[in-house]
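The values are calculated or read from the model by the stated rules, or taken from the named source; none is laboratory data. Values in this document were obtained by computation on a predicted structure and should not be read as measured data. We place every Cβ from the backbone using ideal geometry, glycine too, and count neighbours over all the protein chains shown.
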Amino acid sequence: MRFLPCGDSGLLVEVEDLADVLALYAELVEDPPEGVVDLVPAARTLMLRIDPTRADPHGVARAVRAVRPRRGHRPDAGLVEVPVTYDGEDLAEVGRLTGLGERGVVEAHTSQEWTVAFCGFAPGFGYMVGDDRLTVPRRTVPRTRVPARSVALAGEFTGVYPRESPGGWQLIGRSTLEPWDLERDPPALLVPGSRVRFVEVR
């Protein structure tokens with residue numbers, strides 16, 4: 001575990017891998033150190049935003065070092081069900097790459113509970129992790145236009161594109177849910193720690 005200053009009132013914690021991020025994040029969400037007002041997970045880091053009137057980075061670092069994360073423990077920000085029509089342009093290719101076939105991909109995607117590990121790329125885009133059955137490479141040639149609400153896979157992650165954008169993920173379907181809506185409170189449908197179930201729409 002490595003600690004780095006982040007701006008005027010932040011502390012960046014570097015750990016070994018994403019499983020360590022999830023475990024540490026889960027512990028700190030449940031029992032945050034005094035003065036920590038926000039936690040922002042990423043693939044190998046966890047950023048802690050600190051209220052400087054209540055704590056200092058050195059004291060927070062000591063508190064974090066004393067935490068004993070349980071590997072495999074994940075945060076829980078509630079369950080979200082995401083309806084999906086599985087007709088993506090890359091569904092057949094993902095079936096070939098995984099050896100599962102198209103129906104096998106759908107069954108693997110819908111039969112497990114995913115966890116939003118962190119958010120990024122675009123507002124409302126949650127990087128979700130599950131088991132390793134659907135681990136696939138990004139496309140060799142990214143698309144210049146991916147439709148909003150496309151459901152996709154890349155590496156160990158699945159995600160739902162919140163808006164039309166370029167992208168190199170493998171498209172397996174589309175949803176009707178809006179991942180990002182400024183009229184909603186909070187705007188993001190998926191936040192770190194959200195548990196996600198994908199439900200097939202036929």
Response to the item:
Quick count over region 1-42, residues being assigned to a loop (DSSP other than H, G, I, E, B) and surrounded by 13 or more Cβ atoms within 10 Å (Cβ to Cβ), is 7
Discussion item. Just to check your reading of the model, which residue among Glu81, Glu93 is in contact with a strand residue (DSSP E or B) (Cβ under 6 Å, 6 or more places away or on another chain) and either more than 25 Å from Asp17 (Cα to Cα) or acidic (Asp, Glu) (or both)?
Written reply: Glu81
Item to complete: Could you grab the pairs with beta carbons closer than 8 Å, sequence gap of 6+ or different chains, first residue in region 3-22 and touching a residue at least 24 places away in the same chain (Cβ under 8 Å), second one aromatic (Phe, Trp, Tyr) and in a strand (DSSP E or B)?
Response: Leu11/Phe3; Leu12/Phe3; Val13/Phe3; Glu14/Phe3; Val21/Phe118
Fill in: Index of the failed condition, Phe118 passing every other in (1) of a type in the set (Phe, Trp, Tyr); (2) surrounded by fewer than 22 Cβ atoms within 10 Å (Cβ to Cβ); (3) modelled with pLDDT of 95 or more; (4) out of contact with any His (no Cβ under 9 Å at 6 or more places or on another chain)
(2)
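The rows are residues; the columns are (1) over 16 Å from the mean Cα position of the chain (by Cα); (2) at pLDDT below 95; (3) assigned by TED's automatic domain parsing to the domain that holds Ala117; (4) closer than 15 Å to Asp90 by Cα.
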{"site": "Arg143", "(1), (2), (3), (4)": "yes, no, yes, yes"}
{"site": "Val146", "(1), (2), (3), (4)": "yes, no, yes, yes"}
{"site": "Ser150", "(1), (2), (3), (4)": "no, no, yes, yes"}
{"site": "Gly155", "(1), (2), (3), (4)": "no, no, yes, yes"}
{"site": "Glu183", "(1), (2), (3), (4)": "yes, yes, yes, no"}
{"site": "Arg195", "(1), (2), (3), (4)": "no, no, yes, no"}
Fill in: Top-ranked residue in region 44-58 [being surrounded by 15 or more Cβ atoms within 10 Å (Cβ to Cβ) and in contact (Cβ under 8 Å) with a residue 24 or more places away in the chain; ranked as farthest from the chain's Cα centre (by Cα)]
Pro57
Fill in: Of all residues in region 44-61 being of a type outside the set (Ser, Thr, Tyr) and either in contact with a helix residue (DSSP H, G or I) (Cβ under 8 Å, 6 or more places away or on another chain) or not assigned by TED's automatic domain parsing to the domain that holds Ala23 (or both), the one that is farthest from Val196 (Cα to Cα)
Ile50
Worksheet item: Any chance region 188-199 includes a residue that's touching a strand residue (DSSP E or B) at 6+ places or on another chain (Cβ under 8 Å), surrounded by fewer than 16 Cβ atoms within 10 Å (Cβ to Cβ) and over 27 Å from Ala19 (Cβ atoms)?
Response: no
Fill in: strands (runs of 3 or more DSSP E) fully within region 48-158 counting 1 or more residues that are aromatic (Phe, Trp, Tyr)
114-119, 126-129
Fill in: Residue, farthest from the chain's Cα centre (by Cα), within region 157-167, restricted to residues that are without any contact (Cβ under 8 Å) to a residue 40 or more places away in the chain and closer than 23 Å to Glu107 by Cα
Tyr161
Discussion item. Can you find a residue that is crowded, with 19+ Cβ neighbours inside 10 Å and over 12 Å from the mean Cα position of the chain (by Cα) anywhere in region 126-139?
Written reply: yes
Discussion item. Quick check on my filter: what residues within region 127-147 are touching a residue at least 24 places away in the same chain (Cβ under 8 Å) and among the charged types (D, E, K, R)?
Written reply: Asp132, Arg133, Arg138, Arg139, Arg143
